[in-house]
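The values are calculated or read from the model by the stated rules, or taken from the named source; none is laboratory data. Note that the structure is a prediction, hence the values are computed from the model and not measured. Every residue, glycine as well, gets a Cβ built from its backbone with ideal geometry; the counts of neighbours run over all protein chains shown. Quick note on the areas: whole protein, heavy atoms, side chains included, nothing else; ligands and nucleic acids left out. Shrake-Rupley method; radii C 1.70, N 1.55, O 1.52, S 1.80 Å.
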Amino acid sequence: MAKFVLIGSGLAGGLLAAHLGRRRHEIDLYERRADPREGNIVGGRSINLAISTRGIHALEQVGIADEGLRHAIPMRGRMIHDKSGELHFTPYDVDPKKCINSIGRAALNTTVIEAAQRYPNVRVHFNHKCTHIDLDCAVAHLETANGALAAHGDAVIGVDGAFSAVRGSMQMQIDGFEYDESYLAHGYKELTIPPGTGSSWQMEKNALHIWPRKSFMMIALPNPDGSFTCTLFWEFEGARSFATTKTDDDVRRFFNEEFPDAVPLMPTLQEDFRQNPTGSLVTIRCAPWYYRDKVCLVGDAAHAVVPFYGQGMNAAFEDCVVLAECLQKFPNDRERAFAEYFEHRKENADALADLAIGNFIEMRDKTASKAFRAKKKLDHLLEAALPGIYLPLYTMVTFTRIPYSKAARRALVQDQIVYGSLMSLSALLIALLLRLIAR
Ligand SMILES: Cc1cc2nc3c(=O)[nH]c(=O)nc-3n(C[C@H](O)[C@H](O)[C@H](O)COP(=O)(O)OP(=O)(O)OC[C@H]3O[C@@H](n4cnc5c(N)ncnc54)[C@H](O)[C@@H]3O)c2cc1C
């Protein structure tokens with residue numbers, strides 16, 4: 001069996017180590033941070049995230065879905081908060097059992113790392129920062145508190161996130177390596193709604209809350225301790241933006257104007273706003289994701305996407321399943337396995353990147369409208385009337401494992417048929433009506 005050096009034990013790194021460990025590969029997993037079980041926060045990203053069908057399937061493959069979902073909170077739909085404080089609930093699917101799940105990032109990270117460590121052939125090394133890779137000989141160079149060391153393997157897999165050092169080495173050493181990064185004009189900041197009395201939830205627990213405000217929005221996901229983690233997605237620059245909101249009074253005024261129903265639930269608003277960092281939102285596309293049989297990229301290292309479809313981690317988990325399958329399919333030809341994995345995943349990662357940006361506009365603007373709610377009702381009606389034939393895009397992305405690119409194409413065709421038919425029907429009705437009036 002091959003020996004893999006994995007860089008990064010975030011969500012996908014831990015899970016990939018478990019998938020490959022299960023297939024008896026020798027794994028050395030190096031993570032720059034300390035062990036998350038020692039109280040170190042998996043910082044830099046959201047506190048909680050939404051896991052759905054693709055991610056759950058990847059956990060099931062290594063037998064840890066129940067463990068991973070132990071403290072998950074099902075969210076059955078979007079709870080829209082308009083400016084007057086009025087609430088509108090739109091279920092995610094016609095089937096009320098279909099939900100996405102709010103899950104703590106740190107707990108899930110621990111679950112995947114512990115799952116990997118159950119295999120004696122997997123070793124996890126914390127406090128090891130990868131500086132660069134020698135691609136031709138599959139050697140990872142690492143920095144530790146005790147000095148530098150080199151980790152040798154048959155191949156190095158970069159699971160080291162959006163700002164991947166492994167990808168950086170590929171950019172430097174591969175002629176013609178394609179790389180593109182694009183940042184949104186919006187950043188994000190996490191804020192808190194603490195638990196109510198007796199650890200109760202101060203808003204509907206089983207929903208993803210959205211305050212859509214056209215060019216920006218706030219969302220909130222429930223946590224098991226009764227709190228909600230809110231994320232404000234807002235322009236970095238502009239007349240009203242992160243840049244111009246400097247004092248506690250500015251923050252209070254902005255929130256009172258835009259999210260008046262949330263303010264009474266956020267006693268630490270100003271403090272959170274001041275202390276919590278403002279993160280940026282990047283889409284990264286690159287190609288190829290592998291170098292010969294020596295190096296490969298997985299997860300955000302290969303394809304970071306903006307978080308508006310709640311699919312970045314789900315897609316990274318799907319990568320782990322596909323890569324492990326490809327390695328099993330071509331046990332004696334790792335380059336072919338890497339190539340097949342890349343071929344299978346690249347167009348889907350590109351499709352997801354576009355879908356995620358499109359969903360930002362839908363969430364921050366369209367969810368507020370009656371037309372959006374009517375479209376969702378029509379989607380659900382059609383889904384119920386034409387089971388297996390009509391599947392709304394959100395359902396395909398979130399509740400199936402249909403490849404993202406196929407889902408996007410199918411939704412386009414469905415929309416053309418449905419809206420084309422509706423327009424023809426309306427035209428026919430109007431013509432009939434005019435004829436009746438003319439008689
Ligand atoms: C605000 C926000 C909300 C999100 N919400 C969702 C959601 O609801 N659902 C969803 O599916 N996705 C969501 N995502 C996306 C999700 O967070 C990522 O897609 C996911 O974390 C990718 O996992 P990864 O393991 O590839 O990378 P990461 O989780 O970033 O892990 C990379 C790991 O590599 C380590 N590392 C980095 N550099 C080095 C180095 N040089 N040497 C050694 N180790 C290194 C890091 O410390 C880290 O542990 C969200 C993202 C953001 C920003």
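What list of ³J(HN,Hα) values in whole Hz, one per residue of segment 193-209 in order, does the Karplus curve 6.51 cos²θ - 1.76 cosθ + 1.60 (θ = phi - 60°) give from phi, with Gly and Pro shown as x?
10, x, x, x, 4, x, 6, 8, 8, 7, 9, 3, 6, 8, 8, 9, 8
Along the charge dipole of the chain, Cβ charges K/R +1 and D/E -1, which of 363, 330, 140 sits furthest on the positive end?
363
Please report the relative contact order for the chain, taking Cα pairs under 8 Å with a sequence separation of at least 6, and give it as a percent rounded to a whole number.
19
Can you tell me the convex hull volume per residue for the chain, based on C-alpha atoms, in Å³ to the nearest whole number?
Value for the chain: 178 Å³ per residue.
Sequence-distant or interchain residues sharing an amide H contact under 5 Å with residue 23, placed H: which?
So residue 23 has HN proximity to no qualifying residue.
Kirkwood Rh over Cα pairs of segment 200-248 into Stokes-Einstein at 37 °C, 0.692 mPa s: D in µm²/s?
Details: Rh = 12.3 Å.
D = 266 µm²/s.
Suppose every K and R has +1 on its Cβ and every D and E has -1 on its Cβ; what is the size of the dipole of the chain about the Cα centre, in Debye to the nearest 20? The partial results should precede the final answer.
Numbers: 50 positive and 52 negative charges, 271 e Å.
Magnitude of the dipole: close to 1300 debye.
From the cross-link list 98/346; 189/406; 98/375; 189/346, which pairs have alpha carbons spaced over 22 Å apart?
98/346; 189/406; 189/346
Calculate the spin-label point distance for residue 240 paired with residue 125, positioning each point 7 Å from the Cα along the beta-carbon direction, and give it in nanometres.
If labels sit at residue 125 and residue 240, their model points lie 5.2 nm apart.
Run down the lysines and flag those whose C-alpha is under 16 Å from the C-alpha of residue 370, throwing out any fewer than 8 positions away in its chain.
Residue 370 reaches 83, 214.
What share of Cα pairs, in percent, lie more than 13 angstrom apart in segment 114-157?
Counting pairs separated by more than 13 Å, the tail of P(r) holds 60 percent.
Cβ neighbours within 10 Å, averaged per peptide: list 51-62, 302-313, 360-371 in order, most packed at the top.
302-313, 51-62, 360-371
Largest first and in whole Å, what are the equivalent-ellipsoid semi-axes of segment 148-194 based on the Cα gyration tensor, each being the root of 5 times an eigenvalue?
31, 19, 8
Give me the distance in nm between label points sitting 7 Å out from Cα along the Cα-to-Cβ direction at residue 425 and residue 173, one decimal.
In this crude label model, residue 425 to residue 173 measures out at 6.0 nm.
Using a 1.4 angstrom probe with every protein chain in place, what is the largest-first accessible-area order of 376, 97, 294?
Details: 376 25, 97 165, 294 55 Å².
The residues order as 97, 294, 376, largest area first.
Given R₀ = 45 Å, FRET efficiency for residue 253-residue 328 by Cβ-Cβ distance, to 0.05?
Once the sixth-power term is evaluated, E becomes 0.20.
What are the residues whose amide H is under 5 Å from the amide H of residue 77, where those residues sit 5 or more places off or on another chain and H is modelled from the backbone?
Long-range HN contacts for residue 77: 92, 208.
How much area per residue is accessible in segment 134-186 when the probe is 1.4 Å and only protein heavy atoms are counted (Å²)?
I get 50 Å² per residue for segment 134-186.
If you roll a 1.4 Å probe over the heavy atoms of the protein chains, what accessible area per residue do you get for segment 308-428, in Å²?
With the other protein chains kept in place, segment 308-428 gives 48 Å² per residue.
If you filter segment 217-276 for GluC sites (Glu not before Pro), then keep DSSP loop positions with at most 11 other Cβ within 10 Å, what is left?
237
What number, in percent, do you get for the relative contact order of segment 206-272 if the mean sequence gap of Cα pairs under 8 Å and at least 6 apart is divided by its residue count?
Computed over segment 206-272, the figure is 18 percent.
Quick one: with all protein chains in place, what share of the accessible area of the chain is carbon or sulfur, to the nearest percent (1.4 Å probe)?
On the chain, the fraction of accessible area on carbon and sulfur atoms equals 55 percent.
Going by the alpha-carbon gyration tensor, a ≥ b ≥ c the square roots of its eigenvalues, is segment 256-392 rounded (a/c under 1.5) or, if a/c is not under 1.5, prolate (a/b greater than b/c) versus oblate? Intermediate results must be reported in sequence, preceding the final value.
On the way: a/c = 3.18, a/b = 1.49, b/c = 2.13.
It is oblate, given that a/c is not under 1.5 and a/b is not larger than b/c.
What value, in deg cm²/dmol to 500, does the helix sum -39500 (n - 2.57) over DSSP H runs of n ≥ 4 give at 222 nm once divided by the residues of the chain?
-13000 deg cm²/dmol
If we sort 389-401, 197-209 on the protection proxy, mean other Cβ atoms within 10 Å, highest first, what's the order?
389-401, 197-209
Run the quick spin-label model on residue 436 and residue 87: label points 7 Å from Cα toward the beta carbon, then report their separation in nm to one decimal.
It is 4.2 nm.
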